[in-house]
1. Under the condition of being within 25 Å of L57 (Cα to Cα) and outside any loop (DSSP other than H, G, I, E, B), which residue from segment 1-18 is least open to solvent (accessible area, probe 1.4 Å)?
2. Somewhere in segment 84-106, is a residue loosely packed, with under 15 Cβ neighbours inside 10 Å, within 16 Å of K4 (Cβ to Cβ) and hydrophobic (A, V, I, L, M, F, W, C)?
3. Based on what the data block shows, is N80 in contact (Cβ under 8 Å) with a residue 60 or more places away in the chain and part of a loop (DSSP other than H, G, I, E, B)?
4. If you go through segment 48-83, how many residues are open to solvent by 70 Å² or more (accessible area, probe 1.4 Å) and at pLDDT below 80?
5. Within segment 147-162, count every residue that is under 7 Å from T135 (Cα atoms) and in contact with a Lys or Arg (Cβ under 7 Å, 6 or more places away or on another chain).
6. Counting only residues that are in contact with a Leu (Cβ under 8 Å, 6 or more places away or on another chain) and of a type outside the set (F, W, Y), which one in segment 12-31 is modelled with the lowest pLDDT?
7. Can you name every residue in segment 122-168 that is among the polar types (S, T, N, Q) and farther than 24 Å from T109 by Cβ?
8. Quick one: which of D91, D100 is in contact (Cβ under 8 Å) with a residue 60 or more places away in the chain and either in contact with a His (Cβ under 6 Å, 6 or more places away or on another chain) or charged (D, E, K, R) (or both)?
Amino acid sequence: MIYKLLSRLGIEVWKDIPEYEGHYKVSNLGNVRSIKFNKIKQIKNFSSRSKRLKVDLYKNGKKTKKNHRVSVLVAEAFLNHKRCGYKKVVDHIDNNPLNDYLYNLQLLTHRENISKNAKNKVGYTGVQKARKKYTSKIYINNKQIYLGTFETAEEASQAYQKELKKIL
């Protein structure tokens with residue numbers, strides 16, 4: 001996408017924020033601005049306890065929703081992201097929640113997002129070493145499912161990936 005390349009080069013492109021057209025715009029560099037009375041006013045982002053950049057947006061003089069995440073606003077404007085609970089979430093590729101540049105954002109399922117960096121000592125998600133063999137387990141709906149014991153970590157990982165594909 002051209003906007004990702006432009007954000008990597010530091011070239012700022014502005015788009016309307018969905019549901020706030022004519023009131024607010026967001027850029028591919030993670031900036032948010034207000035458009036009021038033909039004046040452009042840059043909105044200061046603030047970091048909350050969750051260490052993410054957030055802004056308050058107003059419509060008709062009233063705050064619509066407290067603390068919109070800037071990363072989600074960028075994804076909605078440039079990646080056509082639709083909020084849908086945990087089906088698809090906005091992920092920071094470099095794991096820095098303050099880097100809301102478009103090139104650093106991607107859409108993943110919640111499971112992909114929480115497991116993308118969850119490599120253990122063995123090096124595979126869902127695989128553990130048990131004595132001289134490897135076991136594989138997966139959690140589905142908060143229940144642990146035992147997938148078996150295997151000779152190699154790769155075999156255990158394949159069993160995990162096979163089960164994961166069934167539920168995705």
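The values are calculated or read from the model by the stated rules, or taken from the named source; none is laboratory data. Note that the structure is predicted; figures quoted are calculated from it, not measured. Don't worry about glycine lacking a Cβ; one is built from the backbone with ideal geometry, like all the others, and counts go over all protein chains shown. Ligands, DNA and RNA are excluded from the accessible area calculation, which covers all protein heavy atoms including side chains. Shrake-Rupley method; radii C 1.70, N 1.55, O 1.52, S 1.80 Å.
1. Selected residue: S7.
2. Within segment 84-106, one or more residues are loosely packed, with under 15 Cβ neighbours inside 10 Å, within 16 Å of K4 (Cβ to Cβ) and hydrophobic (A, V, I, L, M, F, W, C).
3. Values: in contact (Cβ under 8 Å) with a residue 60 or more places away in the chain: no; part of a loop (DSSP other than H, G, I, E, B): yes.
So N80 does not fit the description; no.
4. Counting residues in segment 48-83 that are open to solvent by 70 Å² or more (accessible area, probe 1.4 Å) and at pLDDT below 80 gives 7.
5. 2
6. Here is the first cut: in segment 12-31, the residues in contact with a Leu (Cβ under 8 Å, 6 or more places away or on another chain) are 12-13, 17, 20, 23-24, 26, 28-30.
Keeping just the survivors that are of a type outside the set (F, W, Y) gives 12-13, 17, 23, 26, 28-30.
Values: E12: 92, V13: 93, I17: 92, H23: 87, V26: 92, N28: 94, L29: 93, G30: 91.
Ranking the qualifying residues of segment 12-31, first place goes to H23.
7. Result: T135, T149, T152.
8. Going through D91, D100 in turn, the sole match is D100.
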